[in-house]
Structure formats: structure tokens, C-alpha cells
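Undergrad: First, the structure itself, so that you have it in front of you.
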Amino acid sequence: MMIVLIALIVLMILGAIVALESRDLLSAIISLGIIGFALTIIFLVLSAPDLAIVQIIIETLTLIILIAAVLKTTRADTSETVNARVVMLWISGIIFMGLFLLSAVRAFQSLPEFGALGLRMAQAYLDGFRQTGASNLVTAVILDFRGYDTLGEATVLFTSVAGVVTVLRKAGRKD
Amino acid sequence: MTVFILSVILFLIGLYGVLVKRNLIKIALGFMIMEYAINLLFVLIGYRAGGTAPIFTQDVSGQIFVDPLPQALVLTAIVIGLGTTALLVSFAVRIYQKYESFDIRKIRELRG
């Protein structure tokens with residue numbers, strides 16, 4: 001279990017490095033697909049089947065959107081040059097990331113160990129079967145206890161679709 | 001603890017992409033990598049050893065469930081991630097149509 005998890009997360013890290021360092025934008029996007037589908041398998045291993053279903057659908061849609069955008073524009077990434085400013089950016093970035101990692105490690109020491117969760121927070125939701133009658137607790141939380149959250153999510157999705165249509169429309173544009 | 005640190009390293013790789021890369025599509029990919037890492041960290045924190053999926057079946061005696069609350073929050077976050085990604089990529093495509101480049105150094109004169 002632990003070995004499978006570590007192997008999958010290392011695969012995700014390798015995919016992320018390839019996605020960011022590749023000169024071809026199409027292969028960078030396919031490498032992003034490695035991360036998303038590995039995340040799907042991790043959700044299945046961590047017994048979250050609802051998340052795995054949603055993640056595989058959303059990942060496919062994301063890849064379609066990105067590939068359509070790249071095929072409509074250009075595949076080559078010609079923005080990489082090395083000069084003194086880039087080196088300074090590298091050094092400051094590495095220092096910042098080291099500090100971030102240190103503080104994250106300090107913060108994780110106050111969390112319970114992996115797999116030893118006490119369920120203090122969610123005990124009320126675990127009793128939700130008696131209150132809602134929904135046998136799937138995740139859908140009980142989404143659609144019943146936190147229904148307004150889901151309404152807000154639908155609003156955000158509608159707003160982003162309206163934004164995409166507004167930005168990409170052809171009619172009524174001056175230039 | 002190891003898996004937590006590995007997912008933070010994944011987050012930092014995404015942050016590197018956002019901070020250092022000059023290509024707009026690469027910056028969008030960095031944002032998406034950060035989003036994956038955060039979702040992964042939430043579900044990892046909500047896991048219980050030996051827990052099954054939080055779905056009641058006929059035989060519920062002695063079942064241990066994983067925490068359903070982080071899963072519900074991450075479900076919302078994944079769907080919102082699709083919306084933000086679509087908006088980000090459409091902005092990038094529009095900028096490419098105007099400036100013929102994804103390079104953020106060539107996009108100087110930003111006006112309406």
C-alpha cells in the first residue's frame with residue numbers, strides 16, 4: 001500500500017518535471033496527463049471511488065481543452081534563454097522552495113501520522129446516514145450538508161464558461 | 001509523513017513552473033500541477049488505515065470508513081479546477097492571437 005503510493009507519487013513528480021521542461025508543448029500536455037491519471041489511481045488506492053470517477057472525466061476534458069488550444073496556436077516553446085537574470089531567478093526560487101519545504105515539514109509534525117486519523121471533524125457527517133438516508137456519505141456531504149457549497153460551485157462553473165465564451169468570441173471584436 | 005512530503009515536493013514543482021517559466025501554457029501547467037498536489041494532500045490526510053470507501057452497504061458491522069469530508073471538498077475543488085483552467089487557457093489563446101507569441105516578455109503593451 002505504502003510502496004504503491006510512494007511509487008505513484010514519484011511517477012507524478014517525474015511527469016511534472018517532464019511537463020515543465022519539455023520544449024514541445026504537446027508532449028508537455030501529454031506528460032500532464034500522466035499526473036492526472038496517476039492521481040486517479042491514487043484516489044482508487046485511498047478508497048475514494050467518487051473522486052476517481054470525477055478526476056478521470058475532468059482530466060480527459062482538461063487534456064482535450066489544452067490540446068485544442070495548442071493545436072490552434074503553436075507547439076514550440078521558444079521562450080527559454082539563459083542569462084544572468086534567469087540565474088538570479090533560479091537561486092531565489094530554490095531558496096524560497098527550501099524555506100517552504102522546511103516549514104511544511106514542521107507543520108506536518110503537528111498532524112497525525114498517515115493513516116492514523118482520529119475522525120474528530122467528520123463524526124457528525126458519519127452519523128449522516130440516519131439524518132439524510134443517503135448511503136453514500138460523500139454525496140450526502142455534497143448535496144445535503146453543504147448544498148450551498150455546491151450551488152456556489154455551479155455558479156463558478158457558469159461564470160468561467162461565460163468568461164471563456166466572452167474572451168474567445170469572434171463577433172463584435174474591433175481588431 | 002513521507003507521502004505528505006512527496007506531495008509538497010509536487011506542489012513546489014508546480015510553483016517553480018509558475019515562478020520561473022516564461023511560456024503562458026507552461027504557467028498554466030504549473031497551476032494545474034499545484035492543484036493536483038493540493039487535492040492529493042487533502043485526500044492523503046483524510047485516509048484511515050484499513051478504511052473502506054464511505055458508502056453504507058448491507059453489512060455495516062465493524063466497518064471503518066475513511067473521512068468523507070476531505071473527499072467532498074476535493075470533489076468540489078476538482079470541478080472548479082476545470083473552470084479556472086479553461087479560463088486561463090482561453091486567455092492564453094487570445095493573447096497568442098494578438099501578439100503571435102506565448103512568451104510573457106513579448107507581451108509588453110497591454111492595453112484594451
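Undergrad: Just to confirm, what accessible area per residue do you get for region B:52-108 at 1.4 Å probe, in whole Å²? Spell out each step's value before the answer.
TA: On the way: 2620 Å² over 57 residues.
The answer is 46 Å² per residue.
Undergrad: Turning to a different aspect of this structure: Tell me: how much accessible area in total is hidden between A and B, 1.4 Å probe, Å², nearest 100?
TA: Details: alone 14060 and 8410 Å², together 14650 Å².
Buried surface at the A/B interface: approximately 7800 Å².
Undergrad: Under a Cβ-only charge scheme (Lys and Arg +1, Asp and Glu -1), can you give me the dipole magnitude of the protein assembly as shown about the Cα centre, in debye to the nearest 20?
TA: Details: 22 positive and 18 negative charges, 260 e Å.
Roughly 1240 debye, rounded to the nearest 20.
Undergrad: What number, rounded to the nearest 500 deg cm²/dmol, is the helix-based mean residue ellipticity at 222 nm of chain A, given -39500 (n - 2.57) per DSSP H run of at least four residues and division by all its residues? Provide the component values of the computation, followed by the final result.
TA: On the way: 8 runs with 125 residues, N = 175.
Value at 222 nm, helices only, nearest 500: -23500 deg cm²/dmol.
Undergrad: For chain A, rounded, prolate or oblate, judged on the Cα gyration tensor with a ≥ b ≥ c (square roots of eigenvalues), a/c < 1.5 rounded, else prolate if a/b > b/c? If you can, show how the numbers build up before the last one.
TA: On the way: a/c = 2.02, a/b = 1.27, b/c = 1.59.
Because a/c hits 1.5 or more and a/b fails to exceed b/c, chain A counts as oblate.
Undergrad: What percent do you get for the relative contact order of chain B when only Cα pairs under 8 Å and 6+ apart count? Please list the in-between numbers first.
TA: Values: 106 pairs, mean separation 29.0, N = 112.
Worked out over chain B, it gives 26 percent.
Undergrad: How much accessible area does A:ARG75 have with a 1.4 Å probe, in Å² rounded to the nearest 10?
TA: Accessible area, nearest 10 Å²: 110 Å².
Undergrad: While we're looking at this one, here's another question. Sort A:ASP144, B:ASP67 by accessible area with a 1.4 Å probe, largest first. Show your work: numbers first, answer last.
TA: Working: A:ASP144 90, B:ASP67 15 Å².
The ordering from most to least exposed comes out as A:ASP144, B:ASP67.
Undergrad: How far, in degrees from 0 to 90, does helix A:147-168 lean away from the longest principal axis of the Cα atoms of chain A, to the nearest 10?
TA: For A:147-168 against chain A, the angle is about 20 degrees.
Undergrad: Next question. Using a 1.4 angstrom probe on heavy atoms only, work out the carbon and sulfur share of the accessible area of the protein assembly as shown in %.
TA: On the way: 10180 of 14650 Å².
Looking at the protein assembly as shown in its full context, I get 69 percent from C and S.
Undergrad: Next question, about the same structure. Can you give the convex hull volume per residue for the Cα atoms of region A:1-79, as a whole number of Å³?
TA: 63 Å³
Undergrad: Quick one: how many Å² of A:ILE94 are accessible to a 1.4 Å probe, rounded to 10?
TA: 100 Å²
Undergrad: Could I ask something else about it? With the solvent-accessible surface defined on protein heavy atoms using a 1.4 Å probe, which residues belonging to region B:1-19 display a reduction of at least 50 Å² in accessible area in the multichain context relative to the isolated chain?
TA: B:MET1, B:VAL3, B:PHE4, B:LEU6, B:VAL8, B:LEU10, B:LEU12, B:ILE13, B:TYR16
Undergrad: Compute the long axis of helix A:25-45 from its Cα atoms, compare it with the longest principal axis of the Cα atoms of chain A, and write down the angle in degrees, 0 to 90, nearest 10.
TA: 10 degrees
Undergrad: Hey, another quick one. Please compute the contact order of region A:15-98 in relative form: average sequence separation of alpha-carbon pairs under 8 Å and at least six residues apart, divided by the residue count, as a percent. All intermediate terms of the calculation are to be shown ahead of the outcome.
TA: Numbers: 54 pairs, mean separation 24.5, N = 84.
Relative contact order here is 29 percent.
Undergrad: Please list A:LEU168, A:LEU46 in order of solvent-accessible area, largest first, computed with a 1.4 Å probe with all protein chains present. Don't skip to the answer; put the middle values down first.
TA: Working: A:LEU168 60, A:LEU46 0 Å².
Descending accessible area places them as A:LEU168, A:LEU46.
Undergrad: Cα centroid distance between region A:37-103 and region B:1-77, in Å?
TA: 14 Å
Undergrad: Which value, in Å² rounded to 10, gives the accessible area of B:THR57 with a 1.4 Å probe and all protein chains present?
TA: It works out to around 80 Å².
Undergrad: Find out how many positive minus negative residues lie around B:VAL79, taking Lys and Arg as positive, Asp and Glu as negative, among other residues whose Cβ is under 14 Å from that of B:VAL79. Walk me through the intermediate numbers first.
TA: Values: positive: A:ARG146; negative: A:ASP50, A:GLU59, A:ASP149, A:GLU153, B:GLU35.
Neighbourhood net charge equals -4.
The values are calculated or read from the model by the stated rules, or taken from the named source; none is laboratory data. Since we're looking at a predicted model, the values are computed, not measured. A quick note on method: Cβ atoms are made from the backbone with ideal geometry, for glycine too, and the neighbour counts reach across all protein chains shown. Protein only, heavy atoms only, side chains kept; ligands, DNA and RNA dropped before computing areas. Shrake-Rupley method; radii C 1.70, N 1.55, O 1.52, S 1.80 Å.
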